Amino acid sequence: FMDKFYILSSQEALKKFMKNPRHYLLPHIPHLPCKVSVIGPPCSGKSTMCAMLAEHYGAVVVDVEALMGHTLGMFKKDMLDKVRQDATLAGLEKIRAKMQLEATNAL
């Protein structure tokens, strides 16, 4: 087949090969390492599909949202802390300016 000799284990294997040789010649899909993203709207079956694919191919499911949750939470906290600090400093500066204005008007 395709300029090559194939030796098969039995007549049954030969019949299967002759019926569809591509099944025996093509490498198994997916090639390792294979990365697949499953995306979709909420409650569309993404987690179920991931579990089924992982079970079928012996793969590992990586939940990016769960991995990024901590990082995004820390980023959000840092941003809120920075905004709070900037707002506090701006408020203090306004109070100082107002107090200086009142002090100069009192003289």
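Which angle between 0 and 90 degrees, to the nearest 10, do you get for helix 46-57 versus the longest principal axis of the chain when only C-alpha atoms count?
Helix 46-57 sits roughly 40 degrees off the main axis of the chain.
With every protein chain kept in place and ligands, DNA and RNA left out, what is the accessible area per residue of the chain? Probe 1.4 Å, answer in Å².
Numbers: 10440 Å² over 107 residues.
Roughly 98 Å² per residue, with all protein chains present.
Run the quick spin-label model on Glu12 and Lys46: label points 7 Å from Cα toward the beta carbon, then report their separation in nm to one decimal.
Label-label distance for Glu12 and Lys46, simple model: 4.4 nm.
Please label the shape of the stretch 1-96 as rounded, prolate or oblate, based on the square roots a ≥ b ≥ c of the eigenvalues of the alpha-carbon gyration tensor (a/c under 1.5 means rounded; beyond that, a/b larger than b/c means prolate, else oblate).
Cα axes put the stretch 1-96 in the prolate bin.
First compute the accessible area of the chain with a 1.4 Å probe, then give the percent of it belonging to carbon and sulfur atoms.
Exposed carbon and sulfur together represent 64 percent of the surface.
Among all lysine pairs in the chain that are eight or more places apart or on different chains, how many have alpha carbons less than 27 angstrom apart?
9
The values are calculated or read from the model by the stated rules, or taken from the named source; none is laboratory data. Because the structure is predicted, anything quoted here is derived from the model rather than measured. Methodologically, a virtual Cβ is constructed for each residue, glycine included, from the backbone with ideal geometry; neighbour enumeration extends over all protein chains shown. For the accessible areas, the whole protein counts, side chains as well, though only heavy atoms, and no ligand, DNA or RNA atoms are used. Shrake-Rupley method; radii C 1.70, N 1.55, O 1.52, S 1.80 Å.
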